[in-house]
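Take a look at the structure set out below.
The values are calculated or read from the model by the stated rules, or taken from the named source; none is laboratory data. Values in this document were obtained by computation on a predicted structure and should not be read as measured data. Every residue, glycine among them, receives a Cβ derived from its backbone with ideal geometry; neighbour counts consider all protein chains shown. Quick note on the areas: whole protein, heavy atoms, side chains included, nothing else; ligands and nucleic acids left out. Shrake-Rupley method; radii C 1.70, N 1.55, O 1.52, S 1.80 Å.
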Amino acid sequence: MTHPKEAPFASLQFYATAPYPCSYLPGRMARSQVATPGHLIHAEAYSALVSTGFRRSGVFTYRPYCDRCRACVPLRVPVAGFQPSRSQRRAWAAHAGLRVRVMRLAFLPEHYELYLRYQAGRHAGGGMDHDSVDQYTQFLLQSRVNTRLVEFRDPDVGDAPGDGLSAVYTFYDPDERASFGTYAVLWQIEQARSLELPYLYLGYWIAESPKMAYKVQFKPYEILVEGRWRPSQDAPDAA
């Protein structure tokens, strides 16, 4: 990954973190490249960063910068050409009656309790199942860009960069047998269409991680390879 120098990155600096245990591939170490200072990452800069593979966690904007590993592949869905599969159409119909509420970022005890239940049920042992209120708030409720929390009576958080929507995190009741995650992505695709935005950014596809491999089910998609967005049919090693 090269050091971005052109506008709108000219006023930004980039640094690499120390290695830390990878959250997705056991036994591997990860590093991140972080864009700073945060107060200069305005709407235009954030949109450009997202389009070059960066993501946001709280007030930090980062992308993978791992030694000898390229497992994390940025993936986005061109919404104009998206065609839902049969199972996705079923998920959309099954949850079409959910009440949607778009909210400003704010702490609600009900959301925090649901977040902990989701982490304990779906990601036990990953560390986030014991997040404190401060950790939860820093992760999901702090942002310097246009961010909204979308509640379907199960909440989903997403950013709005200039050329599309960027899904940040989705959590729901892990005990219910439902397709809430799929529905949340489909809803964001429809939102991007209604706002006349060309893309929904889904973060990183990791083929070796069951938690992250699902993203290639939203077709057609594009992945970022060597600085260039490639259609799914031209993407190497894509499912």
Of all residues in segment 35-46, how many are buried (at least 19 other Cβ atoms within 10 Å of the Cβ) and not in a loop (DSSP other than H, G, I, E, B)?
3
How about segment 66-90: which of its residues are within 13 Å of TYR204 (Cα to Cα), touching a residue at least 60 places away in the same chain (Cβ under 8 Å) and more than 14 Å from the chain's Cα centre (by Cα)?
ALA71
Any chance TYR112 is over 27 Å from ASP163 (Cα atoms) and within 18 Å of the chain's Cα centre (by Cα):
no
Among the residues of segment 222-234, are any under 21 Å from ALA91 (Cα atoms) and not β-branched (Val, Ile, Thr)?
no
Among the residues of segment 139-157, count how many are in contact with a helix residue (DSSP H, G or I) (Cβ under 6 Å, 6 or more places away or on another chain) and of a type outside the set (D, E, K, R).
3
Are any residues in segment 57-70 touching a Lys or Arg at 6+ places or on another chain (Cβ under 9 Å) and charged (D, E, K, R), and if so, which ones?
ARG63, ASP67
Pairs, please: C-beta under 8 Å, at least 6 apart or cross-chain, first residue closer than 17 Å to TYR62 by Cα and in segment 132-156, second among the β-branched types (Val, Ile, Thr) and assigned to a strand (DSSP E or B)?
LEU140/VAL157; LEU140/VAL168; THR147/VAL157; THR147/VAL168
Within segment 25-55, which residues are more than 22 Å from ASP67 (Cα to Cα) and among the β-branched types (Val, Ile, Thr)?
ILE41
One residue from GLN119, GLN191, GLN217 being open to solvent by 20 Å² or more (accessible area, probe 1.4 Å) and within 28 Å of ALA30 (Cα to Cα):
GLN217
Check whether at least one residue in segment 178-188 is at negative phi and open to solvent by 60 Å² or more (accessible area, probe 1.4 Å), and report yes or no.
no
So the check is Cβ under 9 Å with 6+ separation or different chains; which pairs have a first residue in segment 174-191 that's touching a residue at least 12 places away in the same chain (Cβ under 8 Å) and within 24 Å of PRO220 (Cβ to Cβ) and a second one that's surrounded by fewer than 18 Cβ atoms within 10 Å (Cβ to Cβ) and of a type in the set (Gly, Ala, Ser)?
SER179/SER87; SER179/ALA94; THR182/SER87; TYR183/ALA94; TYR183/ALA96
The one condition in (1) on the phi > 0 side of the Ramachandran plot; (2) touching a Leu at 6+ places or on another chain (Cβ under 6 Å) that GLY158 fails to fulfil
(1)
Output the residues belonging to segment 140-177 that are hydrophobic (A, V, I, L, M, F, W, C), over 17 Å from GLY203 (Cα atoms) and open to solvent by 20 Å² or more (accessible area, probe 1.4 Å).
LEU141
If ARG104 satisfies every condition in (1) open to solvent by less than 50 Å² (accessible area, probe 1.4 Å); (2) within 24 Å of HIS39 (Cα to Cα); (3) at pLDDT 90 or above; (4) in contact with a strand residue (DSSP E or B) (Cβ under 8 Å, 6 or more places away or on another chain) but one, which is the exception?
(1)
When only residues in segment 49-58 that are open to solvent by less than 20 Å² (accessible area, probe 1.4 Å) and part of a helix (DSSP H, G or I) count, which is nearest to MET212 (Cα to Cα)?
VAL50
Any idea which of TYR24, TYR20 is surrounded by fewer than 19 Cβ atoms within 10 Å (Cβ to Cβ) and under 30 Å from ARG177 (Cβ atoms)?
TYR24
